[in-house]
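The structure appears below as C-alpha cells.
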Amino acid sequence: MSGGDAETRPFWRTKTLEEMSASEWESLCDGCARCCLVKLEDEDTGDIHFTDIGCTLLDDKTCRCRDYRRRRQRVPDCVKLTPEAVRTLSWLPVTCAYRLVAEGKDLPDWHPLVSGSPDSVHEARVSVRGRVIASEDDLDQGLWPDRIVKWPNRTPQKKR
C-alpha cells in the first residue's frame, strides 16, 4: 500500500500498536499459530529453536487456541502479546503481523486483513496446519530436541 490519506489507508499503516483498539489488535493475528509451537532455548547461546510440537491448547486443524480466554491460567508460560512484548520478544516469527507492524512493515498479501479470507494464511502454507506432529502432552520432553524445525521462522516462498 502506498499513498492515500489516513481515511483510506488500513489501520495497521496509520496507527501504532498502542493506538489500536482491542478488535484491531486481535485482527492482526493471522491465525498461523506459529507462536503456539513449542520453542526450545539453547542454554549456551540463548538461541530459540522452534519445534513442530504444538501447545497443549493448540487445535492444529483450526490453528486456534482451544481455550483462548483462560490460556494463561491453563498454560503458565503462555505469553500475552502486548506492544511492549512484541518489540522485545526475539522469537516472534518473521511472518508475525505484530512484529511486522512494530518494524514499520506492511502486511503480506496472504494476511486475512489484506486478502479478505481467513483461509489465505493456510493456502499460503504459512500456518501450522498439517505440520504439527504432536501436542506437548503427547511427546516425551526428552524427544523434543529431535523435533526442531526451521520453517516456522522463515518467510514462505512465493508461488511461481
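The values are calculated or read from the model by the stated rules, or taken from the named source; none is laboratory data. Everything numeric in this text was worked out from a predicted model, so none of it was measured. Virtual Cβ from ideal backbone geometry, glycine too; neighbours counted across all protein chains shown.
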Picked from region 34-74 (must be among the acidic types (Asp, Glu) and touching a residue at least 12 places away in the same chain (Cβ under 8 Å)), the residue surrounded by the fewest Cβ atoms within 10 Å (Cβ to Cβ) is 52
| Scanning for something assigned to a helix (DSSP H, G or I), under 18 Å from residue 112 (Cβ atoms) and at pLDDT 95 or above, does region 36-59 turn up at least one residue? | yes
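Residues checked against (1) without any contact (Cβ under 8 Å) to a residue 40 or more places away in the chain; (2) out of contact with any Lys or Arg (no Cβ under 8 Å at 6 or more places or on another chain); (3) not hydroxyl-bearing (Ser, Thr, Tyr):
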{"site": "80", "(1), (2), (3)": "yes, no, yes"}
{"site": "118", "(1), (2), (3)": "no, yes, yes"}
{"site": "129", "(1), (2), (3)": "no, no, yes"}
{"site": "146", "(1), (2), (3)": "yes, yes, yes"}
Picked from region 1-12 (must be out of contact with any helix residue (DSSP H, G or I) (no Cβ under 6 Å at 6 or more places or on another chain) and either modelled with pLDDT of 95 or more or polar (S, T, N, Q) (or both)), the residue surrounded by the most Cβ atoms within 10 Å (Cβ to Cβ) is 10
Next on the checklist: surrounded by 15 or more Cβ atoms within 10 Å (Cβ to Cβ), of a type in the set (Ser, Thr, Tyr), modelled with pLDDT of 95 or more and under 18 Å from the mean Cα position of the chain (by Cα): is that true of residue 127 in this structure?
Outcome noted: yes
